[in-house]
Amino acid sequence: MKKLYAIVCCLAIISLTQPAANAQSPSFKVVPLGVKGGVDESDLSAYMVAPVADDRFICLDAGTIHHGLERAIANKALNGTPEDAQRRLIKAYFISHSHLDHLSGLVINSPEDTSKAIYANADCIEAFKNYYFTWKSWANFANEGEKPQLNKYKYEVMTGGQQVSVPNTSLKVRSFPLSHSNLQSTAFLVNSKDNYLLYLGDTGPDEIEKSENLNNLWKAIAPIVKAGKLKALLIEVSFPNQQPDKNLFGHLTPNWLNKEMKVLAGYAGARNMKGFKLMVTHVKPPQSKILMIQRQLKAQNELGLQLVFPKQGKQLLF
């Protein structure tokens, strides 16, 4: 009897000191349709995100769509044809800024798509109206701009700090402004049942950009990092450390990412950053420089982050 009592007490202590099993369960699935910046038009920034038990996705940026869907289907991350997957699975697009490597896949594949919303900051929406969905460059598949308007896409302007509930999904998304050289970019905080995933479009470090945007973002997300509810941070590192600061053009290097993560750790606590999942996006070819970026990030990982290097079409769970 004494032995049984000891076992019961031991199990009780374990149950009180260890987190519940579902605390470590994934909340999001991410299907990268494109992971690079730069010259490879077949693999440009685009990430499908949905709750882990749901197939109603949003697409964070849309540099590559069709080829990314082909790769995802080949890897059994998605089912059907690329055309069917785009129409059926992607419920809305969130575009961080107006550069082609973040939206060209959306424009090119628009004839085969179904009606849905495009969320972006005001400058990005104006670029769609004036340069992309026009009859001289393509066709106006949107609900505003040059006539005739085909009304397939509905523009939704997002302002800094605004949160929207995404129709036909269970997701909410909040936007934060970023500085990308002379252009405003956007970070999107995705919320699913009080669990979060943060995606940053292109951004330079605050010190170089003469900005407080990243600092303000780190302060805003620190409470959810402390609470263990930020399941992953997707952030760009475009160049290796050898890139001169004057030639960053609104991007990060491993050095600058490390500095920014220390700022976040100052708000959220360094112990809460250990094992924190950080996905590295927008790496610029050639492959030799991409491998250099990865080596430098690993060597400078003082906070003990869990670095994730995504591959096109390979599903990730967070």
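Odds and ends about this structure:
- For GLY80, the conditions (1) surrounded by 14 or more Cβ atoms within 10 Å (Cβ to Cβ); (2) at pLDDT 95 or above are fulfilled apart from (1).
- Applying the criterion of being polar (S, T, N, Q) and touching a strand residue (DSSP E or B) at 6+ places or on another chain (Cβ under 9 Å) to the residues of the stretch 179-206, the residue that is farthest from ILE95 (Cα to Cα) is ASN195.
- In the stretch 6-57, the residues that are in contact with a Leu (Cβ under 8 Å, 6 or more places away or on another chain), closer than 15 Å to VAL283 by Cβ and either charged (D, E, K, R) or modelled with pLDDT under 50 (or both): LYS36
Results for (1) touching a His at 6+ places or on another chain (Cβ under 6 Å); (2) within 22 Å of LEU60 (Cβ to Cβ); (3) of a type outside the set (Ser, Thr, Tyr), shown as yes or no for each residue.
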| site | (1), (2), (3) |
| --- | --- |
| GLU209 | no, yes, yes |
| ILE221 | no, yes, yes |
| SER238 | yes, yes, no |
| THR253 | no, no, no |
| ARG271 | no, no, yes |
| LEU278 | no, yes, yes |
| VAL283 | no, yes, yes |
| PRO310 | no, yes, yes |
| PHE318 | no, yes, yes |
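- Options SER96, SER42; residue that is in a loop (DSSP other than H, G, I, E, B) and crowded, with 24+ Cβ neighbours inside 10 Å: SER96
- Cβ-Cβ distances below 8 Å connect the following pairs, each with a first residue in the stretch 199-220 that is charged (D, E, K, R), a second residue that is in a loop (DSSP other than H, G, I, E, B) and surrounded by fewer than 21 Cβ atoms within 10 Å (Cβ to Cβ), and a separation of six or more residues or different chains: ASP206/GLU212; GLU209/SER181.
- The single condition among (1) touching a strand residue (DSSP E or B) at 6+ places or on another chain (Cβ under 7 Å); (2) outside any helix (DSSP H, G or I) that LEU297 does not meet is (2).
- When residues in the stretch 133-145 are screened for being more than 17 Å from LYS116 (Cα to Cα) and out of contact with any Asp or Glu (no Cβ under 8 Å at 6 or more places or on another chain), 3 of them pass.
- Residue match in the stretch 262-277 (condition: under 23 Å from GLY37 (Cα atoms), among the polar types (S, T, N, Q) and surrounded by fewer than 20 Cβ atoms within 10 Å (Cβ to Cβ)): no
- For the stretch 113-198, the strands (runs of 3 or more DSSP E) that sit wholly inside it and include 3 or more residues that are in contact (Cβ under 8 Å) with a residue 24 or more places away in the chain and either surrounded by 15 or more Cβ atoms within 10 Å (Cβ to Cβ) or touching a Gly at 6+ places or on another chain (Cβ under 7 Å) (or both) are 116-120, 153-157, 172-180, 183-192.
- Yes/no for ASP101 being assigned to a helix (DSSP H, G or I), farther than 19 Å from MET158 by Cβ, within 15 Å of the chain's Cα centre (by Cα) and not β-branched (Val, Ile, Thr): yes
- Applying a threshold of 8 Å to beta carbon distances and a minimum spacing of six or more residues, or different chains, the list of pairs starting in the stretch 280-292 at a residue that is in a helix (DSSP H, G or I) and ending at one that is buried (at least 20 other Cβ atoms within 10 Å of the Cβ) and not acidic (Asp, Glu) reads LYS289/PHE239; LYS289/PRO240; LYS289/VAL283; ILE290/LYS36; ILE290/VAL283; ILE290/LYS284; MET292/PRO240.
- Hits in the stretch 263-279 - residues which are in contact with a strand residue (DSSP E or B) (Cβ under 8 Å, 6 or more places away or on another chain) and in a loop (DSSP other than H, G, I, E, B): GLY275, PHE276
- Residue count, the stretch 218-233 (criterion: surrounded by 23 or more Cβ atoms within 10 Å (Cβ to Cβ) and outside any strand (DSSP E or B)): 0
- Qualifying positions in the stretch 277-318 - under 20 Å from LEU69 (Cα atoms) and small (Gly, Ala, Ser): GLY313
- Of GLU209, GLU236, all but one fail to be farther than 16 Å from VAL49 by Cα, touching a strand residue (DSSP E or B) at 6+ places or on another chain (Cβ under 9 Å) and buried (at least 21 other Cβ atoms within 10 Å of the Cβ); the exception is GLU236.
The values are calculated or read from the model by the stated rules, or taken from the named source; none is laboratory data. Please read these numbers as outputs of a predicted model, since none were measured by experiment. Every residue, glycine as well, gets a Cβ built from its backbone with ideal geometry; the counts of neighbours run over all protein chains shown.
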